[in-house]
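The values are calculated or read from the model by the stated rules, or taken from the named source; none is laboratory data. Because the structure is a prediction, the values reported are computed rather than measured. As a convention, Cβ positions derive from the backbone with ideal geometry for all residues, glycine included, and neighbour counts pool all protein chains shown. In case anyone asks, the SASA skips ligands and DNA or RNA and just uses the protein heavy atoms, side chains included. Shrake-Rupley method; radii C 1.70, N 1.55, O 1.52, S 1.80 Å.
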Amino acid sequence: MPCKVVLAAEVASNYTSEIKSEVSQKSTRPKLVGFLANDDPYAEKYAQSSSKHLAEAGLDFELRQIPREELEAALKEANEDPLVSGILVYYPVYGDDRDQKLQDMVDPTKDVEGLNVVYNGKLYSNDRYLDDEKTRKAILPCTPLAVVKVLDHIGVYDHALPYGDHLRGKTIAIVNRSEVVGRPLAALLANDGAKV
């Protein structure tokens, strides 16, 4: 496949419009709370970018910068706050197994990143729904999902093939084995029929 230049705004525009349309039909705007509990300048830039893009989609966003030692209590409070619709944490916080504990502390009904153990289990067992009626899709990890959306946008996915097999016949190499990007991406692509 030849090299292609892909502009993020081009890929995201349809999704942003869809979200904006859904939000406009609600009586109250969903509120997302982002927690920044590290001194990483890239995480801070990402948080600022999130704020801009979420506002464009019609969502309320509140960034809470706190010391990492206070993050567990802050997550518990946000989980219990009925005015908070979604929670995201800018990782790494500690850069070790404690980050997984934090991911699992986020209430699955408010986890917008798909990093909670509930969603990990769904991802790795290729179970795409939270209920037997298949009305509530499981949340997928956001960065691997973004890669999938880009691959779909440039035509790598073959929608003529059955659902769950859109990548049959494709071999894809991933140079990353992190628990946040590489491994979930490999699972997503394999779940769609690719040889990874």
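To the nearest ten degrees, helix 71-80 and the longest principal axis of the Cα atoms of the chain are 80 degrees apart. A simple count of charges around residue 154, restricted to other residues whose Cβ falls under 12 Å of its Cβ and scoring Lys, Arg +1 and Asp, Glu -1, yields 0. Phi angles across segment 145-151 convert, under the Karplus curve 6.51 cos²θ - 1.76 cosθ + 1.60 with θ = phi - 60°, into 3J(HN,Hα) values of 5, 4, 4, 4, 5, 5, 4 Hz, Gly and Pro given as x. The distance from the alpha carbon centre of segment 177-196 to that of segment 1-56 is 22 Å, rounded to a whole number. By definition, a body whose alpha carbon gyration tensor gives a ≥ b ≥ c is oblate when a/c is 1.5 or more and a/b is not larger than b/c, and segment 90-182 fits this oblate description.
Quote the charge dipole size of segment 32-104 about the Cα centre in Debye, to the nearest 20; the model charges only the Cβ of Lys and Arg (+1) and of Asp and Glu (-1). Present the calculation step by step, with values, prior to reporting the outcome.
Numbers: 7 positive and 16 negative charges, 42 e Å.
In total the dipole reaches around 200 debye.
Solvent-accessible area of the chain (1.4 angstrom probe, protein heavy atoms only): carbon and sulfur portion equals 54 percent. For segment 1-77, the tally of Lys pairs with Cα-Cα distances below 21 Å comes to 6, considering only residues 8 or more apart or on different chains. Solvent-accessible surface of the chain, taken per residue with a 1.4 Å probe and all protein chains present: 61 Å².
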